[in-house]
Amino acid sequence: MSQTINKSKEKQETCNTFYLEGLNCANCAGKIEDSLKNNKNFTSVNFSFATKKLVLESASGTIDTLGILTDTVNSIEDGVDIIDGTTYENKEDTSTSSSFSLKELIKTNYLALTGLAILIVTMALGQEFQYRVIGYLAAYVLIGGDVAYSAFKNISKGQIFDENFLMTIATFGAFALGEYFEAVAVMLFYKIGEGFQDYAVDHTRRSIKSLINIKAEYANLMIGHEAKKVDPKDLNIGDIILIKPGEKIPVDATVISGSSTIDTSALTGESLPVNADKDSKLLSGTINLDATLTARVDQTFSNSTVAKILDMVENATGKKAKTEQFITKFAKIYTPIVVFSALVLAFLPPILGFGDFRDWISRALIFLVISCPCALVLSVPLGYFGGLGAASRSGILIKGGNYLEALNTIDTFAFDKTGTLTKGNFKVTKYSDSRTLELAGLLEIHSNHPIATSIVKACKTSPSIHEVSQVKEIPGKGLEGLYESKLLLAGNERLMKSYNIDFQADSFIGSMVHVAYAGAYIGSIYIEDEIKEGARNLAGKLGLLKKSMIMLTGDQEPIANHVGGQLGIQSIHSQLLPGDKLSTVEGLIDQGNKVLFVGDGINDAPVLARADIGVAMGGVGSDAAIEAADMVIMNDDPSKVFTAINIAKKTRAIVLQNILFALGIKLFFLSLGALGQANMYEAIFADVGVALIAVLNSMRTLRIKD
């Protein structure tokens, strides 16, 4: 489940997943990730501060991954628990609880609260209290001792430029200048702000997890005539399970008895329930609403829909958007520059005769407090993570923040036809004679293509899969095989022409399957498809956005033009083999276009992989298409592309708001600090206050709707 999808390489590597509990410093998280990336033992390192999930890939399975990780984490940050991915995922999840507990607050902050009490008493005794300096020192140690300790410990490890260092230098400087109360008060406000900030980050994590909380906690396994509650991971293919009203479906299964309605909104974003009765397919993560169902397990938990979705959402945070990557690099150079600027500010002006050292050192300390980039380092990844969560709630799985951001740059939208713009629910409307239909059925039973399925369904007697041997599927043409030692063909005009079969042409606007046997033409079958409702306004909506829309299909030109005309598509490419689709998309990319391709079939996998963004139809799409794609639409509605665009636009807007707000406020207060017009309390607001506001703003991405 921890295996990530990489479209550019497919070599086998050892993959390990860990969770870093207790890591609440975004700056430290970045340092840990960078250190691991510089370790030659690992070929890939992906860490998400939002989920605390770390995925390490190595070319060799013999290295001590946990040992290397432990040494790396301990060298940068103390108090971090490293939990194996399997252990973490199997433990009881209580992270969605957000209730406030006064007892817990006192238990976790008793030292700081004691320090606050000492501070209040020292203040009340006034300037005449002879031990007031001791009182302020005691309050400082109790309130901010852990910050100072972390700063000095990090310095000993070579980790200098972090928030602990900035706050320690600033408050120590205040003590040196005789501003005892200000030093303690600043540290107190900093700790309070950090507490609110951590709460906001944790609340965001809980909110996102609740959006994808689709895993069933248990399954009712039938043993004899009794149902036993078991972990869904313990189910095997073929097991019989009982699904009661109100319960989540634990694994993909097929109904063997009962009739009910199913809430699929967690997967598809659609509120309208669907009916399920005998032989209906049930997807894990959906909810049984009305009546008890008995079902047969089709997939183990690790291969079920819910596991794949959770895996995709979890791994999505490892693929960072360009904005995230920029902010990470920016933070690395920003803090050192500001620290050295503070040193210059502290000593250069008084050396040049502009005021005394006390005044300029005080300004430099304020300058330091303001400088911390936590507002950006925290809020930008959380913004993209929230956008990914909002998309999953709408039934759109986006495999990374990079793809969510890239949606804003797409200018060309290419769609497959069958199963994407049309329903793919083909129906035989007429045929030459019963022999034509039955001969075609003998071949088509070997294929899963929607046209093949419609022909098999139309046969009056079920064809036998064993009657035809050496069946071969010819991409873009049809099927061939041996029936009673003679060649049997079923396919389009190109298949007939390739075997020099004289066939009867027809102007029918639909799909035609021609049948030939023993070198002679037998007859034809006429099949029609339906256009999806969600596809009807695609071209118009894209036109309003000044985007171009094209259709790529293997169907004949008259059929393609007929469907394209109904949808208002101007650019139609028909009679394409899988390689032709790929060449067309590559041509568009070579011309400088940013191309999004939507498809559903196994033949679309190469195009999905090559496009700037590949979108697979998850409901009827093949596993190959879903794995190759960068986005998956769970309910097969092509109009969901607009939902994804809307979410991408709003997410980008919120992220840009945070960047402009944080940088603007910081530059404003840095200027005031340098000019001596800002005090330490305003500096604290410019640090933790701005970070808290930015994190809260990022939470708005969770509420983005269609």
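Do you know which residues across the range 359-411 are under 30 Å from Gly618 (Cβ atoms) and basic (Lys, Arg)? If you could, list the steps in order and put the result at the bottom.
As a first pass, look at the range 359-411 and keep what is under 30 Å from Gly618 (Cβ atoms): 380-411.
Arg393, Lys399, listed by residue number.
Surrounded by fewer than 20 Cβ atoms within 10 Å (Cβ to Cβ), at pLDDT below 85 and farther than 19 Å from Gly491 by Cβ - does that describe any residue in the range 407-427?
yes
Report the residue count in the range 610-634 for those that are open to solvent by less than 10 Å² (accessible area, probe 1.4 Å) and at pLDDT below 75. If you could, list the steps in order and put the result at the bottom.
The first filter runs over the range 610-634 and keeps only residues open to solvent by less than 10 Å² (accessible area, probe 1.4 Å), leaving 611, 613-617, 625, 629-633.
Then drop every residue that is not at pLDDT below 75, which leaves 625.
Total meeting the criteria: 1.
Would you confirm, using the coordinates I've provided, whether Ala539 is modelled with pLDDT under 90, among the aliphatic types (A, V, I, L, M) and in a loop (DSSP other than H, G, I, E, B)?
no
Quick one: is Ile531 β-branched (Val, Ile, Thr) and open to solvent by less than 10 Å² (accessible area, probe 1.4 Å)?
Numbers: β-branched (Val, Ile, Thr): yes; open to solvent by less than 10 Å² (accessible area, probe 1.4 Å): no.
The answer is no for Ile531.
Among the helices (runs of 4 or more DSSP H) lying completely within the range 365-468, list those that include at least 3 residues that are among the aliphatic types (A, V, I, L, M).
Fully inside the range 365-468 and qualifying: 374-393, 434-444, 450-458.
I need a count of the residues in the range 329-364 that are modelled with pLDDT under 85, among the aliphatic types (A, V, I, L, M) and either farther than 18 Å from Met167 by Cβ or not in a helix (DSSP H, G or I) (or both).
Of the residues in the range 329-364, 2 are modelled with pLDDT under 85, among the aliphatic types (A, V, I, L, M) and either farther than 18 Å from Met167 by Cβ or not in a helix (DSSP H, G or I) (or both).
Can you go through Ser511, Ser524 and tell me which one is open to solvent by less than 30 Å² (accessible area, probe 1.4 Å) and touching a His at 6+ places or on another chain (Cβ under 8 Å)?
Answer to the check: Ser524.
Taking the condition touching a strand residue (DSSP E or B) at 6+ places or on another chain (Cβ under 6 Å), open to solvent by less than 30 Å² (accessible area, probe 1.4 Å) and within 21 Å of Asp580 (Cα to Cα), does Leu495 pass?
On the way: touching a strand residue (DSSP E or B) at 6+ places or on another chain (Cβ under 6 Å): yes; open to solvent by less than 30 Å² (accessible area, probe 1.4 Å): yes; within 21 Å of Asp580 (Cα to Cα): yes.
Yes.
Quick check: is even one residue across the range 469-478 under 25 Å from Asp600 (Cβ atoms), among the basic types (Lys, Arg) and surrounded by fewer than 18 Cβ atoms within 10 Å (Cβ to Cβ)?
yes
Is it the case that some residue within the range 635-654 is of a type in the set (Gly, Ala, Ser), part of a loop (DSSP other than H, G, I, E, B), open to solvent by less than 50 Å² (accessible area, probe 1.4 Å) and touching a strand residue (DSSP E or B) at 6+ places or on another chain (Cβ under 6 Å)?
No, every residue in the range 635-654 fails to be of a type in the set (Gly, Ala, Ser), part of a loop (DSSP other than H, G, I, E, B), open to solvent by less than 50 Å² (accessible area, probe 1.4 Å) and touching a strand residue (DSSP E or B) at 6+ places or on another chain (Cβ under 6 Å).
Within the range 672-706, can you find the residues that are over 25 Å from Tyr180 (Cα atoms), of a type outside the set (A, V, I, L, M), open to solvent by 40 Å² or more (accessible area, probe 1.4 Å) and assigned to a helix (DSSP H, G or I)?
Arg700, Arg703
Name the residue that is modelled with the lowest pLDDT, counting only residues in the range 563-583 that are assigned to a helix (DSSP H, G or I) and open to solvent by 30 Å² or more (accessible area, probe 1.4 Å).
Narrowing the range 563-583 to residues assigned to a helix (DSSP H, G or I): 563-567, 578-583.
Within this subset, residues satisfying the condition of being open to solvent by 30 Å² or more (accessible area, probe 1.4 Å) are 565-566, 578-580, 582-583.
Details: Gly565: 88, Gln566: 87, Pro578: 75, Gly579: 81, Asp580: 87, Leu582: 89, Ser583: 91.
My answer is Pro578.
Consider Ser498 carefully, then state whether it is touching an Asp or Glu at 6+ places or on another chain (Cβ under 8 Å), hydroxyl-bearing (Ser, Thr, Tyr) and under 18 Å from Gln556 (Cα atoms).
no
Examine the range 546-555 for a residue that is in a loop (DSSP other than H, G, I, E, B), surrounded by 20 or more Cβ atoms within 10 Å (Cβ to Cβ), of a type in the set (Ser, Thr, Tyr) and touching an Asp or Glu at 6+ places or on another chain (Cβ under 7 Å), and state whether such a residue exists.
Among the residues of the range 546-555, at least one is in a loop (DSSP other than H, G, I, E, B), surrounded by 20 or more Cβ atoms within 10 Å (Cβ to Cβ), of a type in the set (Ser, Thr, Tyr) and touching an Asp or Glu at 6+ places or on another chain (Cβ under 7 Å), which makes the answer yes.
What is the number of the single condition among (1) in contact with a Phe, Trp or Tyr (Cβ under 7 Å, 6 or more places away or on another chain); (2) modelled with pLDDT under 85 that Val377 does not meet?
Only one criterion in (1) in contact with a Phe, Trp or Tyr (Cβ under 7 Å, 6 or more places away or on another chain); (2) modelled with pLDDT under 85 is unmet by Val377, namely (1).
Residues in the range 126-149: is at least one exposed (fewer than 15 other Cβ atoms within 10 Å of the Cβ), of a type outside the set (A, V, I, L, M) and within 25 Å of Tyr334 (Cα to Cα)?
There is at least one residue in the range 126-149 that is exposed (fewer than 15 other Cβ atoms within 10 Å of the Cβ), of a type outside the set (A, V, I, L, M) and within 25 Å of Tyr334 (Cα to Cα).
Residues checked against (1) within 25 Å of Leu582 (Cα to Cα); (2) among the polar types (S, T, N, Q); (3) open to solvent by 30 Å² or more (accessible area, probe 1.4 Å):
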site	(1), (2), (3)
Val380	no, no, no
Ile396	yes, no, no
Arg435	no, no, yes
Glu438	no, no, yes
Ser447	yes, yes, no
Ser464	no, yes, yes
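Could we say that Ala440 is closer than 30 Å to Asn635 by Cα, touching a strand residue (DSSP E or B) at 6+ places or on another chain (Cβ under 9 Å) and small (Gly, Ala, Ser) here?
Criteria not met by Ala440.
Results for (1) within 30 Å of Trp360 (Cβ to Cβ); (2) out of contact with any Ser or Thr (no Cβ under 8 Å at 6 or more places or on another chain); (3) free of Cβ contacts under 8 Å to residues at least 12 places away in the same chain, shown as yes or no for each residue.
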{"position": "Ile613", "(1), (2), (3)": "no, yes, no"}
{"position": "Met617", "(1), (2), (3)": "no, no, no"}
{"position": "Ala629", "(1), (2), (3)": "no, yes, no"}
{"position": "Pro638", "(1), (2), (3)": "no, no, no"}
{"position": "Thr643", "(1), (2), (3)": "no, no, no"}
{"position": "Asn658", "(1), (2), (3)": "no, no, no"}
{"position": "Ile665", "(1), (2), (3)": "yes, yes, no"}
{"position": "Ser671", "(1), (2), (3)": "yes, yes, yes"}
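Which residue out of Glu484, Glu557, Glu473, Glu493 is out of contact with any helix residue (DSSP H, G or I) (no Cβ under 7 Å at 6 or more places or on another chain) and within 17 Å of Lys417 (Cα to Cα)?
Answer to the check: Glu557.
The values are calculated or read from the model by the stated rules, or taken from the named source; none is laboratory data. Since the structure is predicted, the reported quantities are computational estimates derived from the model, not experimental observations. FYI the Cβ positions are ideal-geometry reconstructions off the backbone, even for glycines, and counts take in every protein chain you see. Keep in mind that these areas ignore ligands, DNA and RNA; they rest on the heavy atoms of the full protein, side chains included. Shrake-Rupley method; radii C 1.70, N 1.55, O 1.52, S 1.80 Å.
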